[in-house]
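The structure appears right after this line, and notes come after that.
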Amino acid sequence: MKYDVIIIGAGPGGIYSAYELLKLNSDIKIAMFETGKSLEKRKCPIDGDKVKSCIGCKTCAIMNGFGGAGAFSDGKYNITNHFGGTLCEYIGKQKALDLMKYVDDINMANGGEGTKLYSTANTKIKTLCLEHDLHLLDAQVRHLGTDKNYVVLENLYNVLKDKMDIFFETPVKTVKVVDGGYNVITAKGEYFAKNVISSVGRSGSKWMEEVCHDLDIPKSSNRVDIGVRVELPAEIFAHLTDELYESKIKFRTQKFQDMVRTFCMNPHGVVVNENTNGIVTVNGHSYEDPSKHTGNTNFALLVSKHFSEPFKDSNGYGESIARLSNMLGGGVIVQRFGDLVRGKRSNQNRIEESFMTPTLNATPGDLSLVMPKRILDGIIEMIYALDKIAPGTANDDTLLYGVEVKFYNMQVEIDNNLMTKHKGLFVIGDGSGVTHSLSHASASGVYVARYIVENLI
Ligand SMILES: Cc1cc2nc3c(=O)[nH]c(=O)nc-3n(C[C@H](O)[C@H](O)[C@H](O)COP(=O)(O)OP(=O)(O)OC[C@H]3O[C@@H](n4cnc5c(N)ncnc54)[C@H](O)[C@@H]3O)c2cc1C
């Protein structure tokens, strides 16, 4: 089969590139290959009853399938160049923001209408943060919520499905450069396209590395973020989350001068497991529907580790730390803040007797046996700093889940059009190392679609 464009991966990057290609030219022949299942067939076996923790399915329903890693996420679309990726370094700040707003318009037209757009503009919280050496980053945040995010994906699928070929449960094995384009070899056959958009996300990072190796595309990797997910009563952060929903706050520790930041805030949300290539880490999300709200808010505290030569395997470093928590706890470990600072392991009794009800069934344990001291010290310092703007953060019963790891895909060498050195082969979204978020990944898809229609079709 011959196509004008083959898209690898049906995450936000792949979906929005398909959407824009078809919008600009409905005659374009497009195929999309996806390792995971269609949206309605994506079911994680963890039911909290018979299956309580991750059983390591061959293809993870949370990370793979239509909607990609974002399908069951909180659906927070951050419209900002300050975090979520470095797309603006490739395409320019204004262009990046315009595309993120354009994606927001598409989401609103496809089921997201009525959801709230939060903003840090003119907030007094910024001053409150600065008074305590905490730094609030500027952003607008559209919170779709897990439920509305699903509806938007359903609607986008209905827009696309009859206008292109979508192959689920069809992982792409290799991509070969041939005369006039590319042969894309999948588990179920071989296909040709003049242009290929690879949008394989974090779960496809190892595969992307192999493709870069085979096609001699330069790449580099030197960063990983390691930390914990904090869970506390929603009231403690309510003054921030009611106004901003998500606040990205940075703090430089006094002890080591390391940067610690809040990440992925979920008011009234739940803490969840995340499985990346068989390693169980922690994440969180929350629902737009008030009937699904919990009494807790969760967010991550992360410390970025940048490595210099000769070390090259930053993700391997993060994986090793996560593996340690999996070895000790059989998955994610949970510890009360009070136990951590007193050097005690949390146990089931102490968790049950506390005033907090955990939303994830994790193994009580001791995070100091897992996390490097420098990182853990930074997290403790940040918790005390946050306690000044949100008193109660450093309460004994505040729960810390570990390990949360943000793996950064290696940075694929691409030009300002997000194209590799091979004409017509684009690498976008989280799989490129350029984006780390729904909004940036989606925007990169739209950008490349426009470039292809204007220059290569
Ligand atoms: C639990 C969770 C919550 C999150 N919450 C948020 C949030 O609220 N806001 C935010 O901005 N970001 C969030 N993120 C991150 C966000 O989901 C990602 O940044 C975004 O999905 C990246 O989009 P992408 O298209 O680049 O990749 P992905 O969404 O990862 O999609 C890649 C797709 O490619 C497929 N694939 C991989 N390899 C192959 C192959 N060889 N052949 C065929 N298909 C392949 C995968 O199965 C996957 O479906 C969250 C992530 C998780 C896991």
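Throughout, read-outs are computed from the coordinates displayed, never taken from laboratory work. This structure is a prediction, so every number in the text was calculated from the model and none was measured. Heads up, the Cβs are rebuilt from the backbone with ideal geometry, glycines too, and the neighbour counts pull from every protein chain shown.
Give me D for segment 21-168 in µm² s⁻¹, whole number, from Stokes-Einstein with Rh from the Kirkwood sum over alpha-carbon pairs, 20 °C and 1.002 mPa s.
So the translational diffusion coefficient is about 119 µm²/s.
On the first, second and third principal axes, largest extent first, how far apart are the outermost C-alpha atoms of segment 131-254 in Å?
Sorted from largest, the Cα extents of segment 131-254 read 61, 40, 23 Å.
Along the principal axes of its C-alpha atoms, what lengths does segment 346-457 span, in descending order and rounded to whole Å?
64, 28, 27
What does the convex hull of the Cα atoms come to per residue for segment 132-205, in Å³?
So the per-residue Cα hull volume is 203 Å³.
In nanometres, what is the gap between the two model label sites at Glu352 and Leu24, each 7 Å from Cα along Cα-to-Cβ?
6.0 nm
Please quote Rg/Rh for segment 16-61 to two decimal places, taking the Kirkwood radius as Rh and restricting both calculations to Cα atoms.
Rg/Rh for segment 16-61 comes to 1.23.
Please go through segment 95-202 and write out the trypsin sites (Lys or Arg not before Pro) that DSSP classes as loop and that have at most 10 other C-beta atoms within 10 Å. All intermediate terms of the calculation are to be shown ahead of the outcome.
On the way: sites: Lys95, Lys101, Lys116, Lys124, Lys126, Arg142, Lys148, Lys161, Lys163, Lys173, Lys176, Lys188, Lys194, Arg202; in loops: Lys124, Lys161, Lys163, Lys188, Arg202.
Loop-located and lightly packed - Lys124.
How long are the semi-axes of the equivalent ellipsoid of segment 239-328, taking √(5λ) for every eigenvalue λ of the Cα gyration tensor, in whole Å from largest down?
Taking √(5λ) for each eigenvalue gives 28, 20, 10 Å, largest first.
Rounded, prolate or oblate: which fits segment 311-399, taking a ≥ b ≥ c as square roots of the Cα gyration tensor eigenvalues, rounded meaning a/c under 1.5, else prolate when a/b beats b/c?
Here segment 311-399 falls in the oblate category.
Measuring from label point to label point, each 7 Å out along Cα→Cβ, what is the Met108 to Met1 span in nm?
Those two pseudo-labels are separated by 3.6 nm.
For segment 345-395, what is the per residue volume of the convex hull drawn over the alpha-carbon atoms, in cubic angstrom? Before the final figure, lay out each step's value.
On the way: hull volume 4.7 nm³, N = 51.
Spread over its residues, the Cα hull of segment 345-395 gives 91 Å³ apiece.
Distance cut-off 25 Å, Cα to Cα: go down the list Lys37/Lys76; Lys255/Lys305; Lys2/Lys95; Lys52/Lys76; Lys2/Lys148; Lys29/Lys58 and report the pairs above it. Let's see the in-between values first.
Values: Lys37/Lys76 23 Å; Lys255/Lys305 16 Å; Lys2/Lys95 32 Å; Lys52/Lys76 27 Å; Lys2/Lys148 36 Å; Lys29/Lys58 31 Å.
Listed pairs above 25 Å: Lys2/Lys95; Lys52/Lys76; Lys2/Lys148; Lys29/Lys58.
Find the centroid of the Cα atoms in segment 383-412 and in segment 11-38, then give the distance between the two in whole Å.
Each part reduced to its Cα centre gives a spacing of 36 Å.
If I stretch the segment between Asp415 and Gln257 completely, what's the gain in nm (0.36 nm per residue apart, minus their alpha carbon distance), one decimal?
Details: separation 158, 0.36 × 158 = 56.88 nm, distance 3.38 nm.
Between Asp415 and Gln257, full extension yields 53.5 nm more.
Starting from the Cα-Cα distance between Leu215 and Leu130, subtract it from 0.36 nm times their residue separation and give me the gain in nm to one decimal.
Once the chain is fully extended between Leu215 and Leu130, it gains 25.8 nm.
Would you mind checking the pairs Lys116/Lys248; Lys161/Lys188; Lys41/Lys312 and listing those with alpha carbons more than 27 angstrom apart?
As for pairs spanning more than 27 Å Cα to Cα, those are Lys41/Lys312.
For segment 38-102, what class follows from the C-alpha gyration tensor (a ≥ b ≥ c being the square roots of its eigenvalues): rounded when a/c is under 1.5, otherwise prolate if a/b is larger than b/c, else oblate?
prolate
So what's the angle, to the nearest 10 degrees on a 0 to 90 scale, between helix 205-214 and the longest Cα principal axis of the chain?
Result, in degrees: 40.
With only alpha-carbon atoms in the gyration tensor, what are the semi-axes of the equivalent ellipsoid for segment 188-308, in Å, largest first?
Working: eigenvalues 243, 95, 31 Å².
The three semi-axes for segment 188-308 are 35, 22, 13 Å.
Among the aspartates and glutamates, which fall within straight-line cross-link reach of Lys173, defined as a Cα-Cα distance under 20 Å, with same-chain neighbours fewer than 8 residues apart omitted?
Those aspartates and glutamates meeting the cut-off are Asp4, Glu34, Asp165, Glu190, Glu209, Glu210, Asp214, Asp216, Asp430.
Go through segment 256-338 and name the chymotrypsin sites (Phe, Trp or Tyr not before Pro) that are in a DSSP coil and have 16 or fewer other Cβ atoms within 10 Å of their Cβ.
Numbers: sites: Phe256, Phe263, Tyr287, Phe299, Phe307, Phe311, Tyr317, Phe337; in loops: Phe256, Tyr287, Phe307, Phe311.
Those satisfying the criteria are Phe256, Phe307, Phe311.
Of Ser437, Asn273, Ile55, which is farthest along the charge dipole of the chain in the positive direction, counting Lys and Arg as +1 and Asp and Glu as -1 at C-beta?
Ile55
Projected onto the charge dipole of the chain (+1 at Lys/Arg Cβ, -1 at Asp/Glu Cβ, origin at the Cα centre), which of Ala96, Val405, Leu128 gives the Cα projection farthest towards the positive end?
Val405
If you stretched the chain out fully between Lys176 and His293, how much longer would it get, using 0.36 nm times the residue separation minus the C-alpha to C-alpha distance?
Details: separation 117, 0.36 × 117 = 42.12 nm, distance 4.79 nm.
Roughly 37.3 nm would be gained on extension.
Go ahead and estimate [θ] at 222 nm for the chain from helices alone: -39,500 (n - 2.57) per DSSP H run with n ≥ 4, summed, over the residue count, rounded to 500.
That calculation yields -9500 deg cm²/dmol at 222 nm.
Let me know the charge dipole size of segment 147-230 about its Cα centre in debye, to the nearest 20, where only the beta-carbon of Lys, Arg (+1) and Asp, Glu (-1) is charged.
220 debye
Which shape class, rounded, prolate or oblate, goes with segment 1-85 when its Cα gyration tensor gives a ≥ b ≥ c as root eigenvalues, a/c under 1.5 marks rounded, and past that a/b bigger than b/c marks prolate? Intermediate values should be presented prior to the final figure.
On the way: a/c = 3.03, a/b = 1.54, b/c = 1.97.
Verdict is oblate for segment 1-85.
Exposure proxy check: Val196, Val51, Val453 ranked by fewest other beta carbons within 10 Å? Can you show the working numbers first?
Values: Val196 26, Val51 11, Val453 18.
Ascending Cβ contact count within 10 Å gives the list Val51, Val453, Val196.
Note down the magnitude of the dipole of the chain about its Cα centre, charges +1 on Lys and Arg C-beta and -1 on Asp and Glu C-beta and zero elsewhere, to the nearest 20 debye.
Numbers: 51 positive and 54 negative charges, 117 e Å.
Once rounded to the nearest 20, the dipole reads 560 debye.
Quickly work out the Asn361-to-Lys206 label distance, labels modelled 7 Å from Cα along the C-beta direction, and quote it in nm with one decimal.
2.8 nm
Would you grab the residues whose amide H sits under 5 Å from the one on Val228? Only those 5+ places off in sequence or on another chain, please, with H modelled 1.01 Å from N.
Leu301, Glu404
Can you list the trypsin sites (Lys or Arg not before Pro) in segment 236-306 that are in a DSSP coil and have 13 or fewer other beta carbons within 10 angstrom?
Qualifying residues, ordered by number: Lys255.
Per the Debye formula with a single identical scatterer at each Cα and no solvent contribution, what log10 I(q)/I(0) holds for segment 173-243 at q = 0.15, 0.19, 0.20, 0.22 Å⁻¹?
The computed values of log10 I(q)/I(0) come out as -0.66, -0.86, -0.93, -1.07.
Taking the Cβ of each residue in Leu232, Leu324 as the centre, tally the other Cβ atoms inside 10 Å and list the residues starting with the fewest.
Fewest to most other Cβ atoms nearby, the residues stand as Leu324, Leu232.
Between the helical axis of 373-389 and the dominant principal axis of the chain, each derived from Cα atoms, what acute angle in degrees is found, rounded to the nearest 10?
In the chain, helix 373-389 runs at an angle near 70 degrees to the longest axis.
For the chain, what Kirkwood radius comes out of the mean inverse Cα-Cα distance, in Å?
Taking every pair of different Cα atoms in the chain, averaging 1/r and inverting gives 22.4 Å.
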